[in-house]
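The values are calculated or read from the model by the stated rules, or taken from the named source; none is laboratory data. Owing to the predicted nature of the structure, the values given are computational and were not obtained by experimental measurement. Here the Cβ positions follow ideal geometry from the backbone for every residue, glycine too, while neighbour counts run over all protein chains shown.
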Amino acid sequence: MPDTAPSAGFWKRNQLRIAPILFLAPGALMFLIYVLIPIVQSVWISFHDWDGLGAKVWIGLGNYAELLDDDTFYVALKNNLIWLALYLLAIPMGLAAALFLNQSVWGIRLYKSLFFFPFVISQVVVGLMFTWFYAPDFGLFSQAIHWLTGAEVAILADERFVTLGIIAAGLWPQTAYCMILYLTGLNNLNPEQIEAARMDNARGWRLLWHVILPQLAPATFIAMVVTVIGALRSFDLVSIMTAGGPYGSSQVLSYFMYEQALSEYGYRMGYGAAIAVVLFLIMMVFITLFIVRMIAQERNR
Amino acid sequence: MAEVSLSKVTKNFGAVSIIKGIDLEIADGEFCVFVGPSGCGKSTLLRMVAGLEEISSGALKIGGRDMTQVGPSDRGVAMVFQSYALYPHMTVAENIGFGLRMTGHDKAEIAKRTAAAAKMLQLDALLDRKPGQLSGGQRQRVAIGRAIVRNPDVFLFDEPLSNLDAALRVQMRGEISRLHQDLGATMIYVTHDQVEAMTMADKIVVLSAGQIEQVGSPLELYHRPRNLFVAGFIGSPKMNFLTVAAQPVAGGTEVTLPGGGVLRLPGQIAAAGPMTLGLRPEHAQAGGAGDAVLEGRVKLAEHLGSETLFFVELADGSEIAVKADGLAPERPGDEMRVGVPARACHLFDAAGLALLNGDLTR
């Protein structure tokens, strides 16, 4: 090797080992500052009584003990479970929409765009639209119910229906999201395989179940991930449509956390952080499941 | 009995006509090959027999029954696709047995027939693998197994060997031919490769632009092409075409070759005129032995060992290919005399139809 500066020689010798680290560094740094450190800080704050300005007072598990006695916490937890269960309906609904739109007729691109539209508009706008939709005096939904049954229903003011009403609003954009995922998956199917299945006498539901769905598994997996996480972190719709009311009956954990820590009800940072930690642990259960599955899939390859 | 019969079958996509009226009879147990350049409609025609494409007009009969409106799974046909179209999430055994499962056979029956098909194709050891873990040739065999297990009257193959390398293609060609002998089923095979067509077929159907150019046995097409298209398509390297003047004379036909040589062909034509003379490279005689001689200069020599292929430029600028002995000494730039044997020459009229065929089997 000809004479080169020692630094250039070092770079040349270690280029392959250093390059990946350099590429990873910006992302890793962001992840550290904006994700990992805040998680640790939240856990730390959750052991204190703190108003956000004054001195922190260490109270150990005091916040968690209070949480276990808080009725609102149980309402929020129950509502989160309802969200989780019903939000998953977005997956079969998205699949149905995708199967329906996966055909080549004139103007299909326009229809696809229209179906995708709710995902593009802001959750705030979705919330406002559904609030008007449910409005007791002029809302289309209330009018329809009145016309059909004669009863007056104010969805968002009724403890029995309020959470279901918000979830229905949330399903609208989420279904569009799942639909797009499935449309992409359907695009990647080998048309000869569908033809082979037709020759094998697989039609309709059996074709869907035995041949198409198994190949859409990657899309289903992503749809599951985004839907479960979307259900657990539901916040904006609750905030826009009911602010947790009436009487806290549409509370969910993330809104409860915000209300305790940052709203006009008070600045109980420690208590809010404790709720955040509980929500984080619930999320970790699902995230772990997803990651385990992903690793298993990669090994199988 | 599963003879396949098409009468006046057409296919239109919108205003575009893909298949323009096909009449064809394929006998029971026959190996029939559809061959033609890409875009000639051969795959579409096969898919119409399969039921994957609707027949715009005309009728299709399989085993004497009208199948024009019958669904693909009820026609008694099985198809092997170009991409194999295996189900990636199923094992080899599940892939092979899927059709039986869909037609409601019980598990024991499916297992028995899957095992029999696997044994026939030497797939026994691979039954638990997924398609992703198989080589191209193995996947091809699974695709064939999936067809065999349904015990169809008619097998359809859509360019099944085009994704394999040359050596494997020769091997699979033999296996499919052997399968045809063992099963005795009717088979329809689509390819653009005329070597596959010549080696495997009982009957070749040459298609071009949605129409049948000629139907016949491989040797019939080789020796008695009905027109310029078939003459140029069958045979490798391609038949040489020379522009000539021909006129009827007593007891034969007199042809004036480029360069002025005169050749006397056996057989009569009706009228004189400009025509095309066809001569296969393997029948042209390097060295000049023959009934007439073409003078030219060697432009290119391809030495294949067993034979040498010369591309010879004639005085009028046209070029002909000549197949010669592997030890032929001529080099590019050398003068060459090419002998033309009259009994191997084909004569085509201005419209491209064969007037005289140099049928060497006569």
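Numbers at a glance
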| item | result |
| --- | --- |
| Qualifying residue in region B:164-174 (condition: under 24 Å from residue B:202 (Cβ atoms), within 14 Å of chain A (Cβ to nearest Cβ) and among the aliphatic types (A, V, I, L, M)) | no |
| Checking residue B:132 against (1) closer than 27 Å to residue A:203 by Cβ; (2) surrounded by fewer than 19 Cβ atoms within 10 Å (Cβ to Cβ); (3) more than 12 Å from chain A (Cβ to nearest Cβ); (4) not aromatic (Phe, Trp, Tyr), the condition it does not meet | (3) |
| Qualifying residue in region B:173-181 (condition: basic (Lys, Arg) and within 16 Å of the chain's Cα centre (by Cα)) | yes |
| Which listed residue, of B:277, B:207, is in a strand (DSSP E or B), more than 29 Å from residue B:21 (Cβ to Cβ) and touching a residue at least 24 places away in the same chain (Cβ under 8 Å) | B:277 |
| Residue within region B:219-235 that is under 14 Å from the mean Cα position of the chain (by Cα), surrounded by 21 or more Cβ atoms within 10 Å (Cβ to Cβ) and either modelled with pLDDT under 90 or in a strand (DSSP E or B) (or both) present | no |
| Region B:151-164: number of residues that are buried (at least 24 other Cβ atoms within 10 Å of the Cβ) and either of a type in the set (D, E, K, R) or closer than 18 Å to residue B:91 by Cβ (or both) | 1 |
| Members of region B:325-354 found to be under 16 Å from residue B:256 (Cα atoms), in a strand (DSSP E or B) and among the aliphatic types (A, V, I, L, M), listed by number | B:338, B:340, B:347 |
| Some residue of region B:185-206 being modelled with pLDDT of 90 or more, over 15 Å from the mean Cα position of the chain (by Cα) and not polar (S, T, N, Q) | yes |
| Pairs with Cβ under 6 Å, 6+ apart, first in region A:249-268 and of a type in the set (Val, Ile, Thr), second assigned to a loop (DSSP other than H, G, I, E, B) | A:252/A:234 |
| Options B:347, B:353, B:304, B:360: the member that is more than 23 Å from residue B:267 (Cα to Cα) and not basic (Lys, Arg) | B:304 |
| Residues within region B:82-102 that are in a helix (DSSP H, G or I), away from chain A (no Cβ under 12 Å) and out of contact with any Ser or Thr (no Cβ under 6 Å at 6 or more places or on another chain), tallied | 1 |
| Boolean, residue A:226 is over 30 Å from residue A:134 (Cα atoms), of a type in the set (Val, Ile, Thr) and touching a helix residue (DSSP H, G or I) at 6+ places or on another chain (Cβ under 8 Å) | no |
| Criterion (out of contact with any strand residue (DSSP E or B) (no Cβ under 6 Å at 6 or more places or on another chain) and over 27 Å from residue B:230 (Cβ atoms)) met by exactly one of B:327, B:360 | B:327 |
| Residues located in region B:1-51, provided they are free of Cβ contacts under 8 Å to residues at least 24 places away in the same chain and either surrounded by 15 or more Cβ atoms within 10 Å (Cβ to Cβ) or under 29 Å from residue B:184 (Cα atoms) (or both) | B:25 |
| Residue that is touching an Asp or Glu at 6+ places or on another chain (Cβ under 9 Å) and of a type in the set (Gly, Ala, Ser), where the choices are B:39, B:76, B:97 | B:76 |
| Selection count, region A:50-65, where residues are assigned to a strand (DSSP E or B) and buried (at least 17 other Cβ atoms within 10 Å of the Cβ) | 0 |
| Selection count, region B:262-305, where residues are in contact with a strand residue (DSSP E or B) (Cβ under 9 Å, 6 or more places away or on another chain) and either among the polar types (S, T, N, Q) or on the phi > 0 side of the Ramachandran plot (or both) | 8 |
| Some residue of region A:217-227 being crowded, with 17+ Cβ neighbours inside 10 Å and within 25 Å of residue B:96 (Cα to Cα) | no |
| Qualifying helices (runs of 4 or more DSSP H) (wholly inside region A:180-248; at least 1 residues being away from chain B (no Cβ under 13 Å) and at pLDDT 90 or above) | A:217-232, A:236-241 |
| Residues that are on the phi < 0 side of the Ramachandran plot, polar (S, T, N, Q), over 22 Å from the mean Cα position of the chain (by Cα) and not in a helix (DSSP H, G or I), drawn from region B:135-164 | B:135 |
| Residue, farthest from residue B:239 (Cα to Cα), within region B:321-362, restricted to residues that are surrounded by 11 or more Cβ atoms within 10 Å (Cβ to Cβ) and among the β-branched types (Val, Ile, Thr) | B:338 |
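Every residue, every condition in (1) in a loop (DSSP other than H, G, I, E, B); (2) β-branched (Val, Ile, Thr); (3) not assigned by TED's automatic domain parsing to the domain that holds residue A:75, yes or no:
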{"residue": "A:138", "(1), (2), (3)": "yes, no, no"}
{"residue": "A:144", "(1), (2), (3)": "no, no, no"}
{"residue": "A:148", "(1), (2), (3)": "no, no, no"}
{"residue": "A:152", "(1), (2), (3)": "yes, no, no"}
{"residue": "A:163", "(1), (2), (3)": "no, yes, no"}
{"residue": "A:168", "(1), (2), (3)": "no, no, no"}
{"residue": "A:173", "(1), (2), (3)": "no, no, no"}
